[in-house]
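First the structure, in the form of structure tokens, and then the observations on it.
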Amino acid sequence: MPRRGLLSSLGAVVLAVEHREVHHDSRWNDPSFFNSFQSGESTWDYDGEQIDRDPAHPFHDYVDGYQPSITDPFDPKEVAPEWFATLSSAGAEQAYQTLPEPKNGPYGHAQATGTWYRNAAGNFIDSYVYPTHYAEQAELQKTTGGDLLHLLKGSAKKQANWFDASVSQYDAYGRPKSPYPGNPAMLLHDGYRQQAVNSTLACQSGGCNATAELSFSQEGDLQNCKLSVKVKPTDFGVNKVVEFITVNDHTVSLNCQPPSSDCSEADKLTSLFDCVFEIDVQHLLSNRSLQLSAKISDGVNKSDCAYKGNLLYAVPQVTCLVGPVPGVAMNISDVLARPVATPIKLNQKLKSRKAASRHLRVKQQ
């Protein structure tokens, strides 16, 4: 085909395409093009007109002018809820771990601490770190025989956590974990003070029974009361026992057998044996007191082993946290015991220098 004929054919095609586009543009657009209803439509609805709120609309997240996924380097970042968590505090006495927990401490030292979680009541809980990892580490050392590779990696060394799990409860700043709800330690930060009361349970013959009373005279709420009963080994042995120990008619020990003794230290109050050790007696308190009773078996009868003539000699002790007395003002003696501040006296030379300095300033003005 001649070149002129080819150009004429291409021109005709272009004109046809332009004609079709003009014809397409000249049609009426659908009402949805304008995000609106047709004029005067009786079913007009506000929500129906908000087409940009439709989940399929690409800009439905931006209708209200805020989309968290969009970040601006000049705007402050969102703050996690943990920043606003209300956590237990010991004030000036103790700093506990807080949220969010820093991963690194001074000089970049890191410390893996317990996981924080939120319980059903909405409280943040700092979990205890149990030494399972260190048990695995010890097993690894055993299986590898402490070869050079693992020795270089440090797995052949037992860390402090392996010996004492409490080491893992501190972060890189030396702060202990935040106590669990109900931990008595928190009472100490609320003004409670530990108080102990003890007495003696003593009787002199085989099969005898002794009684004692432990009572708190100081006012204040009593919490976390623990009882221990330490027994002096006298003529105890096979079938020679402390048959029972009761507290307010509740049995707390049965057939306790302290170690036998050769009676060489019968006159010394040493090597006391725990027949009861720090049991909770909070629920047994009656009028702020405990009535104790103990009995030894008939076979405990060798007088040469008696302590100060007593075949049964025991020291019961109860320890409680005693709360502050409501409405009691500060003890005036505590105020008077504070050091008295005395005025500082300036020496004559310093006074002269200050006077000269003031005179110079006045003269300059």
Given a Förster radius of 41 Å and the C-beta distance between GLN223 and ALA160 as r, what FRET efficiency does 1/(1 + (r/R0)^6) yield to the nearest 0.05?
0.80
Using 0.36 nm per residue of separation minus the Cα-Cα distance, give me the extension gain between SER303 and VAL238 in nm, one decimal.
21.7 nm
To the nearest 0.05, what FRET efficiency results for ASP262 and ALA121 with a Förster distance of 51 Å applied to their C-beta separation?
0.30
The simple spin-label model distance between ASP274 and ALA185, using points 7 Å out along Cα→Cβ, in nm, is 1.9 nm
Applying a 10 Å radius around every beta-carbon, put 240-249, 255-264 in order of their mean neighbour count, most first.
240-249, 255-264
Going through the range 169-232, which chymotrypsin sites (Phe, Trp or Tyr not before Pro) have at most 16 other Cβ atoms within 10 Å and a DSSP loop state?
TYR173
Using alpha carbon centers only, the range 170-236 is separated from the range 257-292 by a whole-angstrom value of 12 Å
Given R₀ = 41 Å, what would the calculated FRET efficiency be for VAL167 paired with GLN194, taking r from the Cβ atoms and rounding to 0.05?
0.95
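We did not get these values from a lab; they are worked out from the coordinates using the rules stated. All values derive from a computational prediction rather than experimental measurement. Neighbour counts are summed over all protein chains in view; Cβ atoms, including those assigned to glycine, are modelled from backbone coordinates with ideal geometry.
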